[in-house]
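J.: This structure is in structure tokens; I'll ask about it shortly.
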Amino acid sequence: MDTSESNTQRIILFDLDGTLVDSAPVAGMMLHVRAGTEVVGGIIKLCRDNGWQGLDCGSGEFIELAEQAEAGLLAWGAYRDQILATSNR
């Protein structure tokens with residue numbers, strides 16, 4: 001079986017929605033991320049390309065400046081998994 005790149009498909013599933021502050025000009029917005037760490041690079045690019053700062057509510061750091069940009073998302077995922085495991089007992 002040929003497993004070269006031409007036969008490889010990559011599927012990424014995520015849910016990303018946002019909340020805009022109701023003012024003009026827009027002073028801020030919030031992204032609600034439900035995804036794996038593969039989306040972090042895209043969020044960082046979005047911030048850098050637009051001159052924005054992205055505050056990771058999970059880590060308290062600016063995501064585009066963080067040494068471990070995925071840390072907040074990973075911590076949230078671990079907490080979610082712990083809660084789900086407890087509720088499934």
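Bear in mind these aren't lab numbers, they're just calculated from the coordinates by the rules spelled out. All of these numbers come straight from a predicted model, not from anything done at the bench. Here the Cβ positions follow ideal geometry from the backbone for every residue, glycine too, while neighbour counts run over all protein chains shown.
J.: Using the Karplus curve 6.51 cos²θ - 1.76 cosθ + 1.60 with θ = phi - 60°, what ³J(HN,Hα) values do you get for each residue of region 73-87, in whole Hz, with x for Gly and Pro?
T.: These are the phi-based 3J(HN,Hα) values: 5, 5, 5, 5, x, 5, 5, 4, 4, 5, 5, 5, 5, 5, 6 Hz.
J.: So what does the Cα-only Debye profile of region 42-89 read at q = 0.26, 0.31 Å⁻¹, as log10 I(q)/I(0), no solvent term?
T.: At q = 0.26, 0.31 Å⁻¹ the computed log10 ratios are -0.88, -1.07.
J.: What distance in nm separates the simple spin-label points at LEU65 and MET30, each placed 7 Å from Cα in the Cβ direction?
T.: For the pair LEU65/MET30, the computed spacing is 2.1 nm.
J.: Same structure, new question: Scan around LEU55 for amide H atoms under 5 Å from its own, H built in the peptide plane at 1.01 Å from N, and keep only partners 5 or more places away or cross-chain.
T.: Hits under the 5 Å cutoff: ILE63.
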